[in-house]
1. Residue by residue through region 238-248, which ³J(HN,Hα) values in whole Hz follow from phi under the Karplus form 6.51 cos²θ - 1.76 cosθ + 1.60 (θ = phi - 60°), with glycine and proline marked x?
2. Which one, TYR75, ILE112, TRP85, projects farthest toward the positive side of the charge dipole computed for region 17-126 from Cβ point charges (K/R +1, D/E -1)?
3. What pairs from LYS204/LYS261; LYS107/LYS139; LYS179/LYS237; LYS179/LYS200; LYS49/LYS114 go past 23 Å between their alpha carbons?
4. Hey, what did region 143-316 get for relative contact order, percent, Cα under 8 Å, at least 6 apart?
5. If neighbour count is taken as other Cβ atoms inside 10 Å, put PHE94, PHE162 in order from fewest to most.
6. By per-residue mean of other Cβ atoms within 10 Å, what is the highest-first order of 112-122, 95-105?
7. Give me VAL144, VAL33 sorted ascending by neighbouring Cβ count inside 10 Å, so fewest comes first.
8. Spin-label point model (7 Å from Cα, Cβ direction): what's the SER267 to ASN92 distance in nm?
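Each value in this text was obtained by applying a stated rule to the coordinates, not by laboratory testing. Since this is a predicted model, take the numbers as computed values, not measurements. Glycine also receives a Cβ, built like all others from the backbone with ideal geometry; neighbour counts cover every protein chain displayed.
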Amino acid sequence: MHKELLKEMMIELIEENPGLLQKTHINKELNKVLDFYWEKYMEHSLLNKEITTCENDDSIYRLHIKPFFGTWRLYDIKPDHIIQWQLEMKNNCFYTTLVNRYKVFNKFFNWINKIYDTKWNPVSRVGMPRRTTKKEEMKIWSEVEFYKFFSQITDLEHKAIFMLFYFAGLRRGELLALKWNDFRDNYIEIDESVANVHGKQKVKGPKNLNSYRLIEIDDSTKKILTALHTIAIQSDKYRKDNFIFGRQTRPMAFETLRKAKIRYEESAGLSHIRLHDLRHSHVSLLINNKIPVIAIAMRIGDSIDEVMKTYAHLLPESSLEVSNLLNSLTKRYF
């Protein structure tokens, strides 16, 4: 009770003595509840971010931040409140989900600091949650394992999908966003991606600027896509801007794709891997065949740094080659 009274007296004092704001470093504009600043943040974000990014951030805020802090005044939110918020979520979600919520909250406070010229961020003071469970490791299928998996597939559409995953290294969203006008000659063009937003699929730009690319495909994958296209053009509803995988104007659902993979895995007697592990398997295939890192980065739509960071453990031979080179050079003089 005394704290509330003191707070009201401070606010009244600041309003009556504007000069006091500079002395206490309290910005009068920051005397509103968190929901107010979130609306401003979203208005600004829509000017320079992907719509799907804004929608995902807004969903996280409204579901997981607003119920805790939406009606709190900015300076009332302290680090110990952030710790309590994290603890309440910790047992109800995966680590990556918790980190995503932290990142949304943190960049929101960073925006407030930048726009309102303040330095208050209780989220960053607490820091990112620490992982307490083991991270799921990257799993790789060899060519033999993939062939065993592929031999279980009879559906032509599914054959094309999994050939593109394994032999083109596409991301899931990139593959499902492919349209017939993206397929020409021996190439497919990547300029869109499908994302899940509020449980609904939305088509957006790809992950980053490196992701815009032309990928040369192998003859076997081209043959399957050509056969699929021959069937597609027989439909009265066919258009060049129809999705290759799905129902003409609607891409295949992520869950449909996941279930198909599991079905073929079980039929082949293979251990479970994630869809994204097929992309990792493609990179492994290229590395094992001594394809330069820069060529791999361009093909999969990542930076060279990202490729090195993600796949460094798959490059033991490269490390050995460097060691052998240095040994041969130093032996000449030492």
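1. Using θ = phi - 60°, the values come out as 5, 9, 5, 9, 6, 5, 5, 10, x, 10, 6 Hz.
2. TYR75
3. Violating the 23 Å limit, Cα to Cα: LYS204/LYS261; LYS107/LYS139.
4. 28 percent
5. PHE94, PHE162
6. 95-105, 112-122
7. Sorted ascending by nearby Cβ count, the order is VAL144, VAL33.
8. The two pseudo-label positions are separated by 4.0 nm.
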